[in-house]
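Visitor: Here's a structure for you.
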Amino acid sequence: MKRILLTGAAGGIGRVVRAGLKGQYPLLRCMDIAEQEPAGPGEEIVRCDLRDIPALELAMQDIDCVIHLAGVPVEDTWEKILPANIEGCYNAYDTASRMGVKRFIFASSNHAIGYHRRAKFIDNTVAPRPDSRYGVSKVFGEAVGRLYADKHGMQVACLRIGSFRLANKPEDFRQLNTWISHRDMVHLIQCCIDHAGFHFEVLYGISNNLRNRWDNSNVADMGYRPQDNAEDYLAEVLALKTTEDPISVQFHGAMFCGLEFTGDVSKID
Ligand code: 15L
């Protein structure tokens with residue numbers, strides 16, 4: 001994998017990944033709908049909307065591997081999720097496949113499985129249980145990935161990212177199990193780029209956290225060896241005295257689970 005396209009390169013994770021991959025591959029083409037820092041050596045800058053297919057085709061020309069980070073990164077209205085995370089995500093996979101891209105790394109999220117009870121230690125084979133419209137869009141992105149892997153032989157890795165924070169440290173008690181550091185995030189993506197070959201993988205994007213509640217062991221051969229541990233920030237996190245609402249605290253997806261909630265918590269096993 002030599003020629004890499006990074007979508008969402010101007011976003012929070014995108015900027016860190018761009019910096020981390022700089023100089024590692026012959027080409028890092030950085031794409032976003034927003035303005036970006038000018039291209040450095042080995043970089044190209046592309047401004048492109050995920051709904052503009054001809055522009056996407058140009059962006060994906062001669063690309064070996066797409067890292068698809070673009071999209072709405074949190075819960076939002078359906079009017080915003082639909083074009084970016086559903087239509088845009090489909091366009092990214094479909095254009096990549098038609099342009100002969102061999103590998104696709106999709107930024108999924110823990111919110112694809114957010115309504116699993118936090119008391120349960122879960123692995124990457126659990127059924128989808130989205131906790132939000134955003135979570136539904138991540139389940140959709142994983143499903144499209146499965147389709148393009150099985151039907152078209154594209155190698156697809158879906159990263160269920162936990163809590164990536166710009167400050168590069170956990171910011172509440174839950175993040176002691178869901179946090180991923182910047183260097184572990186870059187390392188996880190590099191493992192997916194550099195791997196000799198795979199079909200379809202789902203990995204949790206978390207650091208080596210003592211309180212980790214997500215089991216990545218069945219994808220150990222992806223080479224992911226996280227170095228950071230949220231527990232190193234325990235005193236700082238406790239001092240923040242953060243609290244969670246009574247619904248969110250019961251589920252892996254936390255804050256998105258309590259949002260707009262009108263259901264019956266006892267029915268969510
Ligand atoms: C996510 O997927 C969001 O992008 C992020 O901002 C947080 O909400 C994070 O999950 C989390 O669960 O902490």
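The values are calculated or read from the model by the stated rules, or taken from the named source; none is laboratory data. Worth saying up front: this structure is predicted, and the values here are computed from it rather than measured. Backbone-built Cβ (ideal geometry, glycine too); neighbour counts: all protein chains shown. Note: areas computed on protein heavy atoms with side chains; ligands, DNA, RNA excluded. Shrake-Rupley method; radii C 1.70, N 1.55, O 1.52, S 1.80 Å.
Visitor: Charges on Cβ only, +1 for Lys and Arg, -1 for Asp and Glu, centred on the Cα centroid of the stretch 13-61; of Gly20, Ala55, Ala39, which one is farthest towards the dipole's positive end?
Guide: Gly20
Visitor: Quick query: amide H of Ser163 versus all other amide H atoms, modeled in the peptide plane; which residues come in under 5 Å with a sequence gap of 5 or more or a different chain?
Guide: Residues meeting the amide H criterion: Trp179, Ile180.
Visitor: His116 accessible area, nearest 10 Å², 1.4 Å probe?
Guide: My reading of the accessible area for His116 is about 20 Å².
Visitor: To the nearest 0.05, how large is the calculated FRET efficiency for Asp269 and Trp78 if R₀ is 22 Å and r is the Cβ-Cβ distance?
Guide: 0.25
Visitor: Between the alpha-carbon centers of the stretch 149-168 and the stretch 222-269, tell me the distance in whole angstrom.
Guide: Going from one Cα centre to the other spans 20 Å.
Visitor: Nearest 10 degrees, 0 to 90: what angle lies between the long axis of helix 12-21 and the longest principal axis of the chain (Cα atoms)?
Guide: Result, in degrees: 50.
Visitor: Okay, moving on. Grab the other residues whose beta carbon is less than 11 angstrom from that of Ile122, score K and R as +1, D and E as -1, and report the net.
Guide: Here the count lands on +4.
Visitor: Something else about it: Would you list which aspartates and glutamates come within 16 Å of Lys267, measuring only between C-alpha atoms, while excluding same-chain residues fewer than 8 positions from it?
Guide: Partners found: Asp131.
Visitor: Can you bin every Cα-Cα distance in the chain into 5 Å intervals starting at zero and give me the percent of pairs per bin, rounded to whole numbers?
Guide: 1, 6, 13, 17, 20, 18, 12, 8, 4, 1, 0, 0
Visitor: Which angle from 0 to 90°, rounded to the nearest 10, does the C-alpha axis of helix 182-194 make with the longest principal axis of the chain?
Guide: The angle comes out at about 50 degrees.
Visitor: Do you know the relative contact order of the chain, to the nearest whole percent, from alpha carbon pairs under 8 angstrom that are 6+ apart?
Guide: Relative contact order here is 17 percent.
Visitor: Could you sort Lys102, Lys2 by their accessible area in this structure, using a 1.4 Å probe and putting the largest first?
Guide: Lys2, Lys102
Visitor: So what J values fall out for the stretch 115-131 if you push phi through Karplus, 6.51 cos²θ - 1.76 cosθ + 1.60 with θ = phi - 60°, rounded to Hz, Gly and Pro as x?
Guide: So the J values, rounded to whole Hz, are 8, 6, 5, 5, 5, 8, 7, 10, 10, 8, 9, 5, 5, x, 9, x, 10.
Visitor: Just to verify a number: FRET efficiency for Lys2 and Lys151, C-beta to C-beta distance, R0 = 22 Å, to 0.05?
Guide: Efficiency at R0 = 22 Å is approximately 0.30.
Visitor: Follow-up. Modelled label-to-label distance, Ala19 and Asp49, 7 Å Cα→beta-carbon offset: nm?
Guide: About 3.1 nm, to one decimal.
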